Every structure is written in C-alpha cells, then in structure tokens.
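Student: Below: one structure in structure tokens.
The values are calculated or read from the model by the stated rules, or taken from the named source; none is laboratory data. Being a predicted model, the structure only gives us computed values, none of them experimental. For neighbour counting, all protein chains shown are included, and Cβ atoms are generated from backbone atoms with ideal geometry for every residue, glycine included. For the accessible areas, the whole protein counts, side chains as well, though only heavy atoms, and no ligand, DNA or RNA atoms are used. Shrake-Rupley method; radii C 1.70, N 1.55, O 1.52, S 1.80 Å.
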Amino acid sequence: MFKSIIRLNSGAISFCKVCPRHQAFRVTLKYSTASADRKRFYEDVSISQGEGGLYEVNLDRRKLKTPSGKLFTVPNEALAIAVATEWDAQKDTIKFYTMHLTTLCNTALDNPTQRNKDQMISAALKFLETDTICYRVDEPPGLVELQKNEWDPVLQWIENRYNVTIGSSSSILGPEIPQGTKDRFRQHLSSYTAWSLTGLEFVITQLKSLVLSLGMIDRHLSVEQAVLLSRLEEEYQIRRWGNVEWAHDYDMYELRARTAAGALFVHLSSESSTVKHKLMQD
C-alpha cells in the first residue's frame, strides 16, 4: 500500500513513506525557461519510482509535469536526484533559466521538434561541417599560431580515437569531411539513447563543435578546457584589446554552466544503476 520515496530537505536526502492515494493530487506545472521568475510555491522536493521503473519528481505532494502536460519521468534514479536537486536549490523565487537539467528532460519527454534518433544524429553531424576548430584564420600570425598549438592536438586526438580523418582549413568552405568519417561518427552516435543525444546536441550548440563536445563527453577535455577552446579567437582578441570585465566573466560562467549541465545530462541519462544505497551511506 505504501512505497518508498527519496525526499530532499534542506540539501539532505532522506527516505519516507507515501500513500498511493496522494498520487491523485497531480497538477500540471506550467513553466518556461525564460528569464521570468516565479515565487517558490513548495517546501519539500522528493523523487519516487513509478510505473515501468521510471522515476518521478514530486514538489510536496504534487507530481511534476512537462510544459505539454506529460508526467515528468526520467529513466533512472541518478538523473531524478539531479533534477530534484535543481528544484530544491531554488530560493524564494524559481529561476527557470538556471535549471538546465530540467529543461533537457522536458525536451527529451515532449520532443517539441518531433524528431527521431536518425534525425537527431544527422543534426549533430551537420555541425561537423562547420566545426569551430576546423576553421582557421590566415592572420594575424599570433592567432594562427594559437589555433595550431591549441586546436591541432584535439584534432589529432579525435582522429586517433575514432580512426577518422577530419582536417582543418582556412577556406570559407571549410575542410571537406570524408564520407567515411561521417559514417563512423554516425555509427558511434547510434549507440546513444535519444535522451543522451538530446544532451549531446545541447552541448554541441554551446561549443559550436562536435569535436570539442565528444572530447569532453569522452573525458579527454574538462568543461573549462572545452569552453576555452571554443572561445579561442574571442579570448585572443580580449587579451589583445581588453574587455568589459563583468560581461566577459558572466558570459564565460554561463557558458560553462550550460556546457557542464549538458555533459552531465549525457552521462546521467545513460546511467542504469541505482544510487540510493550509496547516498544513504554518504
């Protein structure tokens, strides 16, 4: 009659019992990732395991739903706890634009663009044709050297890692990517779930680079390294001409936050093991 749930309370995770009859208190939580804030209307955040082994997020006794009205469910406990932590971390007002994991889950669940896996993979591979680190400049010499020293090792790594040829070019058309390279990456991305592809595409759009994104997902690059490499020309210009201090720092931190959330989403959406007992022990 009763089932166990995990409740987050002031940053701590504990276990309690909830009667199934309270599941009737379901509301559709309409929210947006826009900059508008909303007053926090809940006290406790918890997760529970529902039908089919999927995990749900509860705000007090109310079950979270997606913007389209679907029940908010995630494939594993680790991702559920991460999302619940986002909601629990909100203070007096809910800042939806900071809740990247929640947004990615909503995208995976609602699939607003109505794409299948093959279409998502094609979209990701499209970035390879305009990849940030494949486009080089002819001048100034300092930037040419910087791109060579910083980007070439990453290109060499990914070519060796996936046994492909990518190359770089200073032509406006960019390098011509061999079909064999595209096929190899398509085969690799086919091993991703639709949820993981949602996260990967989010990372790619932040970095404007499939190469840097895979380098980070494969843990060859840290978030800080990947973000810095994606902004190499901008950072060069800043060092040369200066910058608006607060604006530069804000943009950098925001890009790091979005990129880190996307990478975390890729890994958590692929996680199959339960973390309940580990959390209890910690």
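Student: Working only within the range 82-104, note down all residues that are under 14 Å from Ala261 (Cα atoms) and of a type in the set (Val, Ile, Thr).
Tutor: Val83, Thr85, Thr98, Thr102, Thr103, listed by residue number.
Student: Just to verify a result, which residue in the range 49-84, among those that are free of Cβ contacts under 8 Å to residues at least 24 places away in the same chain and on the phi > 0 side of the Ramachandran plot, is surrounded by the most Cβ atoms within 10 Å (Cβ to Cβ)?
Tutor: Asp60
Student: Of the residues Val144, Val154, Val137, Val164, only one is of a type in the set (Val, Ile, Thr), touching a residue at least 12 places away in the same chain (Cβ under 8 Å) and over 18 Å from Ser213 (Cα atoms); which? Explain how you work it out, then say what you get.
Tutor: Values: Val144 fails: touching a residue at least 12 places away in the same chain (Cβ under 8 Å); Val154 fails: over 18 Å from Ser213 (Cα atoms); Val164 fails: over 18 Å from Ser213 (Cα atoms).
Val137 is the lone residue from the list that is of a type in the set (Val, Ile, Thr), touching a residue at least 12 places away in the same chain (Cβ under 8 Å) and over 18 Å from Ser213 (Cα atoms).
Student: If Leu228 meets every condition in (1) farther than 28 Å from Glu139 by Cα; (2) open to solvent by 40 Å² or more (accessible area, probe 1.4 Å); (3) modelled with pLDDT of 95 or more apart from one, which number is that one?
Tutor: Result: Leu228 passes all but (1).
Student: Say we look at the range 178-213 and pick out the residues that are of a type in the set (Val, Ile, Thr) and open to solvent by less than 20 Å² (accessible area, probe 1.4 Å); which of these is nearest to Arg256 (Cα to Cα)?
Tutor: The residue in question is Val203.
Student: List the pairs whose first member sits in the range 170-187 and is of a type in the set (A, V, I, L, M) and part of a loop (DSSP other than H, G, I, E, B), whose second member is at pLDDT 90 or above and surrounded by 12 or more Cβ atoms within 10 Å (Cβ to Cβ), and whose Cβ atoms are under 6 Å apart, counting only residues at least 6 apart or on separate chains?
Tutor: Qualifying pairs under 6 Å: Ile177/Leu128.
Conditions tested, residue by residue: (1) open to solvent by less than 40 Å² (accessible area, probe 1.4 Å); (2) in contact with a Gly (Cβ under 7 Å, 6 or more places away or on another chain).
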| position | (1), (2) |
| --- | --- |
| Leu146 | yes, no |
| Ile158 | yes, yes |
| Thr165 | no, no |
| Ser168 | no, no |
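Student: Further, regarding this structure: Can you tell me which residue is least open to solvent (accessible area, probe 1.4 Å) among those in the range 96-122 that are assigned to a helix (DSSP H, G or I) and at pLDDT below 95?
Tutor: Only one residue fits best here, namely Phe96.
Student: Go through Leu189, Leu221 for me and flag whichever is over 26 Å from Glu86 (Cβ atoms), at pLDDT 95 or above and out of contact with any Cys (no Cβ under 7 Å at 6 or more places or on another chain).
Tutor: Leu189
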